[in-house]
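Q: Have a look at this one.
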Amino acid sequence: MKKNVIIGQSGGPTAVINGSLYGAACEALKKTEQIEHVYGMINGIEGFLNNKLMDMSTLVPTGELELLKTTPSSYLGSCRFKLPESLSDEVYPKLFEKFEQYNIGCFFYIGGNDSMDTVSKLSRYAEQTGSDIRILGLPKTIDNDLVETDHTPGFASAAKYVATTVREIATDAAVYDNKKSVTIVEIMGRHAGWLAAASVLARRFDGDNPVLIYLPEVAFDQEDFIQKVQTALETTPNLIVCISEGINDGNGMFICELASDVGVDNFGHKMLTGSGKYLENLVKEKLGVKVRSVELNVSQRCSSACLAKTDLDEAIASGAFAVNAALSGKTGLMVAFDRISDVPYEIKCSLKDVNIICNKEKTVPLEWITKDGSDISDAFIAYTRPLIQGDVEVPKKDGLPHFAFRR
């Protein structure tokens, strides 16, 4: 008997999260002998609980399915819904009753750490109750912090955006050379500084901006920071400093908390913002030079202008790989990338146990962070540069990007 497939998206979006959706939906729609309908969850598992879903096949005749490839953000909508820790909670039988109602045989969830937590809980409940639903996770996060995979779809395009924007900011800052100035660029990254580290790719030569780069993996010392800024200004009058939003004192205190109260989200994560502004005021007070801060904010994850072809191709491939893995009986796993070589760059898709992935974070290796925590090594560059290669032509309409839009 044919079964149906359902695909959901969760957590913060990326520029290629819809690439994974496209890859999974296209592959599933081809398997007409095994799959009857391919559904998309509207607003993730939370929306599914309220019977919000759509038939993905309706996007084919309109051309919307093809547009998904270059549409940023989460086409199906997202959620930050945390399933209860106890598998005896009433929400689990409710969900599986809905799976049965819609004749679901395969469940795919595209997301990061918290989404893999959902995949883990659902697959464990399925095993506990004898359900034959195949449940797989597809990785996505600009933070690149999922363990057991070389990298995650979304990181490369965000890294390309960061490096491009920082190079643009540095070029702008270099216009005037008769006055010392400091520009502090705040980049996303709570506990893992992969994105801020990617700003090193903006350099054109040794000593080029950004001269100083700070990640949350190394404790941030304010006095040392001021000293380094002062020293750098002697040779680079228009100084660019890049920081992760999550830089901290090494004892659990985020730098942004020194400037304001920080709230928490549904998963208990502190909502970070303001590290750049705090350091702007600190530099102004201590050194008396012209200083400004720039927060790249959500543009890092929603810009289609810097789509990396490698990133998009891998996102699409991960979706197709997941469908074929589920149809062969795999469940309770996440699609991962294994790197075969840097030059020429080559990876392959594999499957990893989602239970050892969820609720863990992969941080930048300390050996890739140099100069007492203020710079990034060549090893990081060798790791990241292959990922950002290739350009993608985004369809245009009236001179602007033409995106898929769910009505």
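Q: Of everything in the stretch 69-122 that's of a type in the set (Asp, Glu) and assigned to a loop (DSSP other than H, G, I, E, B), which residue is surrounded by the most Cβ atoms within 10 Å (Cβ to Cβ)?
A: ASP89
To keep it simple, each residue is scored yes or no on (1) buried (at least 18 other Cβ atoms within 10 Å of the Cβ); (2) free of Cβ contacts under 8 Å to residues at least 60 places away in the same chain.
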position: GLY276; (1), (2): yes, no
position: ALA305; (1), (2): no, no
position: THR310; (1), (2): yes, no
position: SER318; (1), (2): yes, no
position: ALA326; (1), (2): yes, no
position: VAL335; (1), (2): yes, no
position: ASP342; (1), (2): no, yes
position: VAL354; (1), (2): yes, no
position: ALA379; (1), (2): no, yes
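Q: Is there a residue being surrounded by fewer than 24 Cβ atoms within 10 Å (Cβ to Cβ), in contact (Cβ under 8 Å) with a residue 40 or more places away in the chain and under 13 Å from LEU201 (Cα atoms) anywhere in the stretch 151-164?
A: yes
Q: Next up: Among the residues in the stretch 132-145, are any at pLDDT 95 or above and out of contact with any Gly (no Cβ under 9 Å at 6 or more places or on another chain)?
A: Looking through the stretch 132-145, none of the residues is at pLDDT 95 or above and out of contact with any Gly (no Cβ under 9 Å at 6 or more places or on another chain).
Q: Check whether at least one residue in the stretch 222-234 is part of a helix (DSSP H, G or I), β-branched (Val, Ile, Thr) and surrounded by fewer than 17 Cβ atoms within 10 Å (Cβ to Cβ), and report yes or no.
A: The answer is yes; a qualifying residue exists.
Q: Condition first: more than 18 Å from THR149 (Cα to Cα), polar (S, T, N, Q) and touching a residue at least 12 places away in the same chain (Cβ under 8 Å). Now tell me which residues in the stretch 356-377 satisfy that.
A: SER374
Q: What is the one condition in (1) of a type in the set (D, E, K, R); (2) farther than 25 Å from LEU136 by Cα; (3) in a loop (DSSP other than H, G, I, E, B) that LYS362 does not satisfy?
A: (2)
Q: What tally of residues in the stretch 65-120 results from selecting those that are among the aromatic types (Phe, Trp, Tyr) and modelled with pLDDT under 95?
A: Summing the residues that are among the aromatic types (Phe, Trp, Tyr) and modelled with pLDDT under 95 in the stretch 65-120 gives 1.
Q: Would you say GLY288 is surrounded by 15 or more Cβ atoms within 10 Å (Cβ to Cβ) and either in contact (Cβ under 8 Å) with a residue 40 or more places away in the chain or closer than 29 Å to CYS256 by Cβ (or both)?
A: Here the answer is no, as GLY288 does not meet what is asked.
Q: Another question about this same structure. Can you go through GLU186, GLU168 and tell me which one is part of a strand (DSSP E or B) and closer than 17 Å to LEU296 by Cβ?
A: Every option except GLU186 fails the conditions.
Q: Now for a separate question. Considering only the stretch 28-66, state which residues are charged (D, E, K, R) and within 23 Å of the chain's Cα centre (by Cα).
A: Scanning the stretch 28-66 gives GLU46, GLU66.
Q: Among ALA305, ALA325, which is modelled with pLDDT of 95 or more and either closer than 24 Å to ARG190 by Cβ or not in a strand (DSSP E or B) (or both)?
A: ALA325
Q: Would you confirm whether or not the stretch 165-176 contains a residue that is surrounded by fewer than 18 Cβ atoms within 10 Å (Cβ to Cβ), out of contact with any Cys (no Cβ under 7 Å at 6 or more places or on another chain) and of a type in the set (D, E, K, R)?
A: Yes, because at least one residue in the stretch 165-176 is surrounded by fewer than 18 Cβ atoms within 10 Å (Cβ to Cβ), out of contact with any Cys (no Cβ under 7 Å at 6 or more places or on another chain) and of a type in the set (D, E, K, R).
Q: Output the residue which, of all residues in the stretch 356-377 that are within 24 Å of PHE107 (Cα to Cα) and among the β-branched types (Val, Ile, Thr), is surrounded by the fewest Cβ atoms within 10 Å (Cβ to Cβ).
A: ILE356
Q: Another question, then. Which residue pairs have Cβ atoms closer than 7 Å, lie 6 or more positions apart in sequence or on different chains, and pair a first residue in the stretch 96-110 that is without any contact (Cβ under 8 Å) to a residue 60 or more places away in the chain and within 15 Å of GLY130 (Cα to Cα) with a second residue that is outside any helix (DSSP H, G or I) and small (Gly, Ala, Ser)?
A: PHE96/SER131
Q: Looking at ILE213, ILE243, ILE184, which is the one that is over 21 Å from TYR383 (Cβ atoms), surrounded by 23 or more Cβ atoms within 10 Å (Cβ to Cβ) and modelled with pLDDT of 95 or more?
A: Testing whether each residue is over 21 Å from TYR383 (Cβ atoms), surrounded by 23 or more Cβ atoms within 10 Å (Cβ to Cβ) and modelled with pLDDT of 95 or more leaves just ILE184.
Q: Oh, and also: Please specify each residue of the stretch 26-48 satisfying the condition of being farther than 27 Å from SER328 by Cα and in a helix (DSSP H, G or I).
A: GLU46, GLY47, listed by residue number.
Q: Among the numbered criteria (1) over 18 Å from SER303 (Cα atoms); (2) surrounded by fewer than 21 Cβ atoms within 10 Å (Cβ to Cβ), which one does ALA28 miss?
A: (2)
The values are calculated or read from the model by the stated rules, or taken from the named source; none is laboratory data. This is a predicted model, so every value here is computed, not measured. FYI the Cβ positions are ideal-geometry reconstructions off the backbone, even for glycines, and counts take in every protein chain you see.
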